Amino acid sequence: MAKVLCVLYDDPTDGHPAAYARDDVPVIDHYPGGQTAPTPAAVDFTPGHLLGSVSGELGLRSFLESAGHTLVVTSDKDAEGSVFERELADADVVISQPFWPAYLTPERIAGAKNLKLAITAGIGSDHVDLDAAIAHGVTVAEVTYSNSISVAEHVVMTILSLVRNYLPSHQVVRDGGWNIADCVARSYDLEGMHVGTVAAGRIGLAVLRRLAPFDVKLHYTDRYRLPRETEEELGLTFHESTGDMVPFCDVVTINAPLHPETEGLFGDELIATMKRGAYLINTARARIADRDAIDRALRSGRLAGYGGDVWYPQPAPSDHPWRTMPHHGMTPHISGSSLSAQARYAAGTREILEAWLAGKPIRDEYLIVDGGALAGAGAHSYSVNR
Ligand code: NDP
């Protein structure tokens, strides 16, 4: 019997919701490109309910316990002696979400003698040390595509809100004011601007598709080039590297995974090559950008805005400079955890567990590490130090 340790974010401050703003969420059974949405044998939750917090338990308790497995759910993950650290000692499976990552460091992986499977309920497994997972034979899987469109919508929202100066203008209303000039002195149209994405994978391409109707000029860079038909359909300009692309862009959106090639990419040097007054949106991973270089660029006016939802570490400390720097549109890490997305990644987590517990293969598109090597989706998008 397996012990499954699930690390989830805290419940709402006033308790698990008794009612919801809407009665349903649309059913999505396929993603762009044809991949099917998760296909577990069954689910024990109501789509559209809060599943990602401790009381939601990703809807897994009755499924696991009825088969004799143990489920431990906690939000206590970082302090020394945390529930996560204690329970990890004999856990077979660890599940966590990038929004509230259970950091599986090399030391923790070495100490977790029974650990065989680390599931990311969502996308992005950089909170797991992939080199250590490879060395210890731990399988790493994530629910590929489950929240890619959710993030793409957040990116488009953030671009528009920064370029049009939405958040400060909204604050004027909340504060009882009406100074139009205060609002519009930093407000522009997106139309005609050059927008570039670092990576055109699932999220990056979805962002490009959503922005095309705004009559912008679209750019991208990626390790592999998109098919020519896609480039022509969207009018894309390809650049060999991020460095080649950013000097052309009014808006840059980062949609690449965090791995050795991308860590610290947006530092002082690269930012100095961007247009003065460019906007940078990062919903990928915080450490792709240099924390203090971003703060400096906003204060000096080199960047006109920075937005996104990814921080390091998470939760971000109260004195993190990105909370107080000017002209930012940051949120906590929420873009991929809408109620709509939760229904998909909870179902995907269940699908992965069903397969693994039955000794059946996990879908190739969900695999990041397996059999002591990068595998499936991971072999395509990640790199490791070995
Ligand atoms: P995909 O794997 O579909 O796309 C990632 C793309 O990045 C691939 O096309 C990959 O290239 C490309 N890439 C990798 N390294 C580089 C590089 N050095 N330069 C340029 N391109 C590179 O992933 P998704 O689009 O689904 O997600 C992207 C990232 O977004 C995730 O890794 C995760 O970190 C983040 N994310 C954030 C969420 C949030 O809630 N904020 C939720 C979901 C994801 P290729 O495949 O051609 O090698």
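You will find that of ARG202, ARG209, the residue that is basic (Lys, Arg), surrounded by fewer than 19 Cβ atoms within 10 Å (Cβ to Cβ) and closer than 23 Å to ARG285 by Cα is ARG209 and no other. Annotation: GLY264 fulfils all but one of (1) over 29 Å from SER125 (Cβ atoms); (2) assigned to a loop (DSSP other than H, G, I, E, B); the unmet one is (1). Quick check on PRO247: is it surrounded by fewer than 16 Cβ atoms within 10 Å (Cβ to Cβ), assigned to a loop (DSSP other than H, G, I, E, B) and either within 11 Å of the ligand (Cβ to nearest atom) or not basic (Lys, Arg) (or both)? In short, no.
Exactly one residue out of SER340, SER335 is assigned to a loop (DSSP other than H, G, I, E, B) and either more than 28 Å from SER300 (Cα to Cα) or at pLDDT 95 or above (or both), and it is SER335. Among the residues of the stretch 142-165, not one is surrounded by 24 or more Cβ atoms within 10 Å (Cβ to Cβ), away from the ligand (no atom under 14 Å from the Cβ) and not in a helix (DSSP H, G or I).
Among the residues making up the stretch 225-241, a single one is part of a helix (DSSP H, G or I) and under 16 Å from VAL251 (Cβ atoms): LEU234. Of the residues in the stretch 310-320, at least one is in contact with a helix residue (DSSP H, G or I) (Cβ under 9 Å, 6 or more places away or on another chain) and closer than 19 Å to THR197 by Cβ. Considered as a group, the residues in the stretch 1-54 that are hydroxyl-bearing (Ser, Thr, Tyr) and over 23 Å from GLU142 (Cβ atoms) include one that is surrounded by the fewest Cβ atoms within 10 Å (Cβ to Cβ), and that residue is THR13. Of all the numbered requirements in (1) over 17 Å from VAL207 (Cβ atoms); (2) more than 10 Å from the ligand (Cβ to nearest atom), THR253 misses one, and that requirement is (1). Taken over the stretch 255-287, the criterion of being of a type in the set (A, V, I, L, M, F, W, C) and modelled with pLDDT of 95 or more is satisfied by ALA256, LEU265, PHE266, LEU270, ILE271, ALA272, MET274, ALA278, LEU280, ILE281, ALA284, ALA286. The residue pairs whose first member lies in the stretch 346-359 and is closer than 13 Å to MET1 by Cα, whose second member is hydroxyl-bearing (Ser, Thr, Tyr) and modelled with pLDDT of 95 or more, and whose beta carbons are closer than 9 Å, counting only pairs six or more residues apart or on different chains, are TRP356/THR139. Quick check on the stretch 280-302. Is at least one of its residues out of contact with any His (no Cβ under 8 Å at 6 or more places or on another chain), under 20 Å from LYS217 (Cα atoms) and either in a helix (DSSP H, G or I) or not β-branched (Val, Ile, Thr) (or both)? Looking through the stretch 280-302, at least one residue is out of contact with any His (no Cβ under 8 Å at 6 or more places or on another chain), under 20 Å from LYS217 (Cα atoms) and either in a helix (DSSP H, G or I) or not β-branched (Val, Ile, Thr) (or both). Would you confirm whether or not the stretch 73-88 contains a residue that is touching a Cys at 6+ places or on another chain (Cβ under 9 Å) and of a type outside the set (D, E, K, R)? Yes, some residue in the stretch 73-88 is touching a Cys at 6+ places or on another chain (Cβ under 9 Å) and of a type outside the set (D, E, K, R).
Summed over the stretch 203-224, the residues that are farther than 18 Å from PRO257 by Cβ, within 13 Å of the ligand (Cβ to nearest atom) and not in a helix (DSSP H, G or I) give a count of 1.
Of all residues assigned to the stretch 125-132, at least one qualifies as being away from the ligand (no atom under 14 Å from the Cβ) and aliphatic (A, V, I, L, M). Restricted to helices (runs of 4 or more DSSP H) entirely inside the stretch 1-117, those with at least 2 residues that are within 27 Å of ARG285 (Cα to Cα) and free of Cβ contacts under 8 Å to residues at least 60 places away in the same chain are 83-88, 106-111. Within the stretch 329-345, not a single residue is away from the ligand (no atom under 14 Å from the Cβ), under 30 Å from VAL27 (Cβ atoms) and free of Cβ contacts under 8 Å to residues at least 60 places away in the same chain.
May I ask you to verify whether ALA304 is among the hydrophobic types (A, V, I, L, M, F, W, C) and in contact with a Gly (Cβ under 7 Å, 6 or more places away or on another chain)? Criteria met by ALA304.
Taking (1) in contact with a Gly (Cβ under 9 Å, 6 or more places away or on another chain); (2) at pLDDT below 95 in turn, GLY33 satisfies each apart from (1).
The values are calculated or read from the model by the stated rules, or taken from the named source; none is laboratory data. Being a predicted model, the structure only gives us computed values, none of them experimental. Positions of Cβ are backbone-derived with ideal geometry, glycine not excepted, and every protein chain shown enters the neighbour counts.
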